[in-house]
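Step one of this worksheet: look at the structure below.
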Amino acid sequence: MTIDVNSVDEALTTTRAVRLRLDLERAVDNDIIYECIDIAEQAPSGGNQGSRRWIIVRDPAVKAKIAELYMATGGEFMIGARDKLAGTGHPQEKVMKSAAYLAEHLAEAPAIVIPTIIGTHDGSGRPGLFDSVIQSVWSFCVALRARGLGTSWTTAILGKGDKLAELLGVPDGNTQIAVIPVAWTKGTDFKQAPRYPAREISFIDRYAHTWVSGPSDPPCHADGPGTVVEADIKASVDDVWPLITDISFGADHSEEFKGARWVDDVGGPSLGAEFIGSNVHPAIGEWDVPCFVHRYVERTEFGWVTSDHDNPGAQWRFELASIAGATRLRYSLIIGPGPSGINAAISAMPDKEPRILFRRIEEHRTNMQRVVDAIKRAAEAAAADSV
Ligand SMILES: Cc1cc2nc3c(=O)[nH]c(=O)nc-3n(C[C@H](O)[C@H](O)[C@H](O)COP(=O)(O)O)c2cc1C
């Protein structure tokens with residue numbers, strides 16, 4: 001049988017966390033749930049042991065108790081967050097609206113499925129246990145999606161997992177994985193969600209080594225080698241943003257970057273603004289490079305290209321994202337496509353191009369790590385001061 005790739009990809013890329021569009025009025029047969037569990041059970045497990053056990057809750061009284069527990073463990077928070085964020089345009093506004101709705105209506109879901117696995121995590125540091133069940137539960141969600149049903153993977157309730165286990169009679173020594181409302185969806189069109197492109201979060205052969213294209217064999221400058229450094233900072237976006245848009249901040253921390261100044265009295269960061277960066281390197285000497293701000297989204301993204309706006313020698317970018325209790329900072333670099341200092345070294349030793357690129361990337365990464373560490377220290381100190 002030939003697999004219809006488009007259908008598989010469509011199901012895989014549009015299996016969303018469905019909450020607002022769960023059809024709470026339409027009954028769901030047990031048969032379709034069993035069918036999807038049969039499909040899910042084809043997923044792999046360590047040692048090929050069939051240890052997954054599934055609870056399908058249909059009894060309205062039990063669903064009501066689950067909903068009550070869910071409300072106490074996460075629902076109240078979600079409702080509070082929805083009310084606080086309503087109309088603010090905050091990145092979490094939509095998610096919280098949807099999450100709060102589910103909290104208010106969980107008991108009305110036609111079925112609530114709780115996948116479990118026999119065993120408890122051994123704390124060994126290996127993913128153990130979870131890696132024999134999560135892929136199967138996701139297959140379950142995708143199989144339902146392919147049939148016109150929706151799910152939402154929730155774990156808030158597991159903060160009181162013992163109470164849930166007691167309610168459902170789950171024996172000691174078993175682990176509950178999630179609480180998944182199941183319903184037909186209102187409409188079947190769901191969109192892909194914005195996610196990082198694979199090339200920005202996948203590395204070839206060594207952590208944090210990215211490529212815009214290829215890489216060729218052997219890798220070359222035209223492949224767009226790059227790198228990225230990330231840190232979770234215990235501070236707000238407001239604490240971190242002024243540091244990443246301070247173009248001179250890195251000078252005290254990087255061994256190569258020595259300072260920067262805005263051109264033409266622009267005085268601060270904005271889209272299209274130009275600054276001059278000063279650098280020093282034992283093999284290259286000292287040099288200044290014009291930089292052009294090409295990405296600027298307040299409190300979210302600050303990026304610039306060097307040398308030539310249309311054919312940059314390098315592309316630098318800071319990005320910020322709010323995550324639970326912290327701000328994630330991402331600092332990335334792409335070398336090229338235009339020429340920069342590295343091209344002289346490649347021209348002198350063309351047969352060593354892959355090695356030169358690898359070393360240059362590692363060198364940049366070390367300096368970027370120093371800058372990120374310093375931003376983290378400064379932002380966390382600022383956050384502690386403002387408490
Ligand atoms: C481990 C995990 C726990 C989650 N817990 C909850 C939860 O308790 N309540 C909820 O409404 N959504 C929960 N979600 C759903 C996420 O909020 C959702 O996946 C995210 O908003 C992205 O939406 P999408 O899956 O439609 O792309 C959870 C998802 C995962 C993977």
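Restricting the search to the range 113-141, which residues are in a helix (DSSP H, G or I) and not polar (S, T, N, Q)?
Residues of the range 113-141 in a helix (DSSP H, G or I): 130-132, 134-141.
Residues satisfying the conditions are 130, 131, 134, 137, 138, 140, 141.
When the residues of the range 212-222 are filtered to those that are without any contact (Cβ under 8 Å) to a residue 24 or more places away in the chain and within 25 Å of the chain's Cα centre (by Cα), which remaining residue is surrounded by the fewest Cβ atoms within 10 Å (Cβ to Cβ)? Break it down stepwise before answering.
Initial filter on the range 212-222 (without any contact (Cβ under 8 Å) to a residue 24 or more places away in the chain): 213-217.
Cutting the leftovers down to within 25 Å of the chain's Cα centre (by Cα) gives us 213-215.
On the way: 213: 10, 214: 13, 215: 19.
Per the stated criteria, the residue is 213.
Return the residue satisfying two criteria in turn: it lies in the range 186-211 and is farther than 30 Å from residue 68 by Cα, touching a strand residue (DSSP E or B) at 6+ places or on another chain (Cβ under 7 Å) and touching a residue at least 24 places away in the same chain (Cβ under 8 Å), and of such residues it is nearest to the ligand (Cβ to nearest atom).
Residue satisfying both the conditions and the ranking: 200.
Is it the case, given these coordinates, that residue 94 is within 11 Å of the ligand (Cβ to nearest atom), among the basic types (Lys, Arg), under 29 Å from residue 297 (Cα atoms) and assigned to a helix (DSSP H, G or I)?
When the stated conditions are applied, residue 94 passes them.
Can we say residue 53 is modelled with pLDDT of 95 or more, more than 12 Å from the ligand (Cβ to nearest atom) and either in a helix (DSSP H, G or I) or surrounded by fewer than 18 Cβ atoms within 10 Å (Cβ to Cβ) (or both)? Walk me through how you get there before you give the answer.
Values: modelled with pLDDT of 95 or more: yes; more than 12 Å from the ligand (Cβ to nearest atom): yes; either in a helix (DSSP H, G or I) or surrounded by fewer than 18 Cβ atoms within 10 Å (Cβ to Cβ) (or both): yes.
Against the criterion (modelled with pLDDT of 95 or more, more than 12 Å from the ligand (Cβ to nearest atom) and either in a helix (DSSP H, G or I) or surrounded by fewer than 18 Cβ atoms within 10 Å (Cβ to Cβ) (or both)), residue 53 qualifies.
If you scan the range 292-314, which residues turn out to be without any contact (Cβ under 8 Å) to a residue 40 or more places away in the chain, in a strand (DSSP E or B) and closer than 17 Å to residue 334 by Cβ?
Within the range 292-314, 292, 293, 294, 295, 301, 303, 304, 305, 306, 314 qualify.
Can you list residue pairs whose Cβ atoms sit under 8 Å apart, with the first residue in the range 92-106 being closer than 16 Å to residue 64 by Cα and modelled with pLDDT of 95 or more and the second being near the ligand (Cβ under 9 Å from one of its atoms) and of a type in the set (Val, Ile, Thr)? Count only pairs 6 or more apart in sequence or on different chains.
Close Cβ pairs (under 8 Å, with a partner that is near the ligand (Cβ under 9 Å from one of its atoms) and of a type in the set (Val, Ile, Thr)) amount to 102/154.
Pick from 102, 24: which is closer than 13 Å to residue 182 by Cβ and in contact with an Asp or Glu (Cβ under 8 Å, 6 or more places away or on another chain)?
Values: 102 fails: in contact with an Asp or Glu (Cβ under 8 Å, 6 or more places away or on another chain).
After applying the criteria, what remains is 24.
Taking residue 112 as the residue in question, decide whether it is buried (at least 20 other Cβ atoms within 10 Å of the Cβ) and at pLDDT 95 or above. Before the answer, list the steps.
Numbers: buried (at least 20 other Cβ atoms within 10 Å of the Cβ): yes; at pLDDT 95 or above: yes.
Yes, satisfied.
Which one of the conditions (1) surrounded by 15 or more Cβ atoms within 10 Å (Cβ to Cβ); (2) outside any helix (DSSP H, G or I); (3) not polar (S, T, N, Q) does residue 74 fail to meet, given that it meets all the rest?
That leaves (2) as the condition not met.
For residues in the range 16-39 being outside any strand (DSSP E or B) and within 16 Å of the ligand (Cβ to nearest atom), which is farthest from residue 103 (Cα to Cα)? Walk me through how you get there before you give the answer.
The initial filter retains those residues of the range 16-39 that are outside any strand (DSSP E or B), namely 16, 18-21, 24-39.
Within this subset, residues satisfying the condition of being within 16 Å of the ligand (Cβ to nearest atom) are 16, 18-21, 24.
Values: 16: 17, 18: 12, 19: 9, 20: 11, 21: 14, 24: 13 Å.
Step by step, filter the range 16-39, then rank; the result is 16.
In the range 264-285, how many are without any contact (Cβ under 8 Å) to a residue 12 or more places away in the chain and either surrounded by 13 or more Cβ atoms within 10 Å (Cβ to Cβ) or assigned to a strand (DSSP E or B) (or both)? Working first, answer last.
Going through the range 264-285, the residues without any contact (Cβ under 8 Å) to a residue 12 or more places away in the chain turn out to be 264-267, 282, 285.
Narrowing further to those that are either surrounded by 13 or more Cβ atoms within 10 Å (Cβ to Cβ) or assigned to a strand (DSSP E or B) (or both): 266, 285.
Going through the range 264-285 one residue at a time, the tally reaches 2.
Out of all the residues in the range 155-174, which are within 14 Å of the ligand (Cβ to nearest atom) and farther than 14 Å from residue 62 by Cβ?
Across the range 155-174, the qualifying residues are 155, 156, 158, 159, 160, 161.
Taking only the range 58-68 into account, find how many residues are surrounded by 15 or more Cβ atoms within 10 Å (Cβ to Cβ) and either farther than 18 Å from residue 19 by Cα or not assigned by TED's automatic domain parsing to the domain that holds residue 109 (or both). Steps first, please.
Our first condition is that a residue be surrounded by 15 or more Cβ atoms within 10 Å (Cβ to Cβ); within the range 58-68, this holds for 62-63, 65-68.
Filter again for either farther than 18 Å from residue 19 by Cα or not assigned by TED's automatic domain parsing to the domain that holds residue 109 (or both), leaving 62, 65.
Matching residues across the range 58-68 total 2.
Just the residues that are over 19 Å from residue 244 (Cα atoms) and acidic (Asp, Glu), please, taken from the range 265-323.
Residues satisfying the conditions are 265, 286, 288, 308, 310.
Pairs needed: first member in the range 363-387, more than 16 Å from residue 249 (Cα to Cα); second member anywhere, part of a helix (DSSP H, G or I); C-beta distance under 7 Å; at least 6 residues apart or different chains.
Going by the 7 Å Cβ cut-off, the qualifying pairs are 383/239.
Please name all residue pairs, on different chains or six or more residues apart, with Cβ atoms under 9 Å, provided the first residue is in the range 165-185 and is without any contact (Cβ under 8 Å) to a residue 12 or more places away in the chain and the second residue is within 13 Å of the ligand (Cβ to nearest atom).
Cβ pairs passing all conditions: 165/176.
If I filter the range 353-369 down to residues being out of contact with any helix residue (DSSP H, G or I) (no Cβ under 8 Å at 6 or more places or on another chain) and of a type in the set (Lys, Arg), which single residue comes out as nearest to residue 219 (Cα to Cα)?
Per the stated criteria, the residue is 355.
Please state which of the following conditions residue 322 fails to meet, knowing it meets all the rest: (1) surrounded by fewer than 18 Cβ atoms within 10 Å (Cβ to Cβ); (2) at pLDDT 95 or above; (3) not in a helix (DSSP H, G or I).
Every listed condition holds for residue 322 apart from (2).
Just one of 361, 334 is outside the structural domain of residue 77 (by TED's automatic domain parsing), assigned to a helix (DSSP H, G or I) and surrounded by 18 or more Cβ atoms within 10 Å (Cβ to Cβ); which is it? Break it down stepwise before answering.
On the way: 334 fails: assigned to a helix (DSSP H, G or I).
None of the other options fit; the residue is 361.
The values are calculated or read from the model by the stated rules, or taken from the named source; none is laboratory data. Owing to the predicted nature of the structure, the values given are computational and were not obtained by experimental measurement. Counting neighbours? That spans all protein chains shown, and the Cβs are built from the backbone with ideal geometry, glycine included.
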